[in-house]
1. Report the charge-dipole magnitude of the range 1-90 in Debye, nearest 20, computed about the Cα centre from +1 at each Lys and Arg Cβ and -1 at each Asp and Glu Cβ.
2. Give me log10 I(q)/I(0) at q = 0.13, 0.15, 0.20 Å⁻¹ for the range 299-359, Debye formula, one equal scatterer per alpha-carbon, no solvent.
3. Could you work out the Kirkwood radius for the range 54-188, taking every pair of different alpha carbons, averaging 1/r and inverting it, reported in Å?
4. Quick one: compute the contact order of the range 313-359, relative version, from alpha carbon pairs under 8 angstrom and 6+ residues apart, as a percent.
5. For the range 139-148, in order, what is each residue's ³J(HN,Hα) by Karplus, 6.51 cos²θ - 1.76 cosθ + 1.60 with θ = phi - 60°, in whole Hz (x at glycine and Pro)?
6. For the range 173-187 and the range 265-287, compute the distance between their C-alpha centroids and round to whole Å.
7. Show me the three semi-axes of the equivalent ellipsoid for the range 221-272, from the C-alpha gyration tensor (sqrt of 5 times each eigenvalue), largest first, rounded to whole Å.
8. Starting from the Kirkwood radius over alpha-carbon pairs of the range 182-305, derive D by Stokes-Einstein at 37 °C in a medium of 0.692 mPa s and give it in µm² s⁻¹.
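The values are calculated or read from the model by the stated rules, or taken from the named source; none is laboratory data. Note that the structure is predicted; figures quoted are calculated from it, not measured. Every residue, glycine among them, receives a Cβ derived from its backbone with ideal geometry; neighbour counts consider all protein chains shown. These accessible areas exclude ligands, DNA and RNA; they are computed on the full protein's heavy atoms, side chains included. Shrake-Rupley method; radii C 1.70, N 1.55, O 1.52, S 1.80 Å.
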Amino acid sequence: MPVTFRAATFNMENLFNRARVLNLQDRNQTTDLLGQIAELEGLLKKDIYSSQDKAEILRLSGALSDYIEIREDRAKLFAGRGSKRRVAVSGAGEWDGIMAYRRARVSDMARASTAAVVKELKADVLCTVEVEDRTILSDFNSQMLGSRRFKYPMLIDANDPRGIDVGILSKFEIVNITTHMFDKDSKGTIFSRDCLEIELKLPDGRPLYFLCNHLKSQGYGAKAANDAKRLRQAKRIAEILSSAYDLSKDLVIVAGDMNDKPGSAALAPLLGLPNLFDVLELQFSDPADRWTYKYRKQFDQIDFLLVSKPLKNGFQQATIERRGLYGIQSITGDIPFPSVTTPTTAASDHCAVVAEFAI
């Protein structure tokens, strides 16, 4: 008897205490603010603060106070209040603390929308994208999913300083986990978050290998640099697959938010691998039907479930779950889940992708 199971991927977007600066509707404003935050971080790390540095630290910390806070743990960076506030130290070595992002509140309805999507997937294993930590993932699993909850919620805190991590919810036993957050090439650390490599055990004992990803975004920073980073990441995933697996024989799934489209140069090393197949391409002959992400009037496929040849041979069907999006009814005619009443109560601006296999 073949084993039948469902595998999925979903950029949950709101399963963490999201940084307030990332919740803005205007991406240009977000990009500008992130640039100022990076400038402030650089100044705070200096061994010696010049008078100009001190003036800029004061200015930026005040201008960015809605989005960041400076927590002073030992000694004090600042002294005085109001117009008399000043930088009280001569350099980074004279105070101890961190600069932290202020968090935006996520409504309970948004979490309910996310749960509605996950429950509708009826997945046995789910790649979770944009989740802050394992505690939040476990709480969401136990408190929000009811009879659809998973036995094994797992996440490893990785490289993103804002806590935007990838994880997994699985009904199959987790046998082994490998993180690639420390992978480097000649240009430095490769993954912005992680390529989380997980070995699962199917009910008949066979191993299923699941690689969860969230590649470099397009929205923040220079396009050329973002594309180059994404290319390095796609190349590294392809290297992992080529060195560790035989895609003509092993049961392998590569899932997640790849932040680029089919046909892009950045994803070519991964999408061009022999014996690796996109389930949405298997399901939908028209590329226009494969979109998983909506930004303004643009519809793109940037979320992927890529499967090895044995899984392609056992492929039954794939679905894109779009009812967690706000405004979907006017676009596709789909009726959104009842909790999706405003943009802030939507499950995500991504759609979930789920596929069923009998192997």
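1. 360
2. Debye output, listed in q order: -0.44, -0.55, -0.78.
3. 18.5
4. Computed value for the range 313-359: 53 percent relative contact order.
5. Result, ordered by residue: 5, 4, 4, 7, 9, 10, 9, x, 5, 8 Hz.
6. If you average the Cα positions of each part, the centres end up 23 Å apart.
7. After scaling each eigenvalue by five and taking roots: 23, 11, 9 Å.
8. Taking Rh from Cα pairs, D becomes 213 µm²/s.
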